[in-house]
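Below is one structure, written out as structure tokens, with a few remarks after it.
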Amino acid sequence: MALGSVCYNFWNRWYSPKQWILWARASCVAIPRTKTTMMVESTWRALKRRDLHQFNRPRLDLLVHVVLTNMLPRIRRKIQYILGTRRAGRPHPLAKWQENLKRDWENMSKSDEQRSMAKELAYLKDKTLRSTAKAELLADIEADRLRPRGVYHTNLKTMTCSCPSFLISRWLLCKHLVREVNLKTNNLPLHNLPFFRARYAAITMHPSTIFQPNH
């Protein structure tokens, strides 16, 4: 019988709420949603390749020793890192989405001339682009420089802007909003990590807290 069929039968005949009380000895009343042995196999594969790569058919006492001294401390550190209890008192690093937000914020804080020059230098240094494609990209940059700039309505109270970039932004941001916030806060977001860690949400931001990053 295939492993998938075995797991399916276990899920239907043993993990169901009616059968759970007949055999379970766990203190938790919830039923786990894991239906396969994927996590166990992944843990065992990491154990073999990382800690037991020099041993073929290790003895049981060696296996227990490796699990207690090498594997469990790593799991404990990872759980502490996830729960935020590791290295108490030290500032926590930014999450991945917060790093992306900080990078986009810094990019939008630059002037139009700086942003266009950065794009131009990146295209000129890119050796993978063909000459025709590079010429077209540079021509687009030059056309964007000569394009007349529009006038948009920017509202810091609601953190909205009427420019097209605001509607397609991942963060519901645009350069007009970012520059206005930097102007009002004396460029505080550019030098303050707690602004991106605690005061800014992934999609929306409460307007009453935008100018209180240290609260």
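Read the figures in this text as sums done on the coordinates, not as results from a lab. Fair warning: this is a prediction, and the values are worked out from it, not measured in the lab. Ideal geometry is used to build each Cβ from the backbone, glycine not excepted, and the neighbour counts take in all protein chains shown.
Structure data summary
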| item | result |
| --- | --- |
| Förster radius 22 Å - calculated FRET efficiency between Thr160 and Ile82 (Cβ-Cβ, nearest 0.05) | 0.05 |
| Thr160 long-range amide H proximity, modeled H, under 5 Å | Asn155 |
| Cα gyration tensor category, rounded, prolate or oblate, for the stretch 37-156 with a/c compared to 1.5 | prolate |
| Members of Lys125/Lys184; Lys134/Lys157; Lys96/Lys175; Lys102/Lys134 lying beyond 32 Å, as alpha-carbon distances in this model show | Lys125/Lys184; Lys134/Lys157 |
| P(r) tail fraction, the stretch 111-196 - alpha-carbon pairs more than 21 Å apart, % | 48 |
| Potential lengthening between Arg103 and Val64 on full extension [0.36 nm per residue; Cα-Cα distance subtracted] | 9.5 nm |
| Proxy reagent accessibility, fewest Cβ within 10 Å first, across Tyr123, Tyr81 | Tyr81, Tyr123 |
| Sequence-distant aspartates and glutamates (8 or more away, or on other chains) whose Cα lies within less than 17 Å of Lys127 | Glu136 |
| Highest average packing first - 170-178, 54-62, Cβ atoms within 10 Å | 170-178, 54-62 |
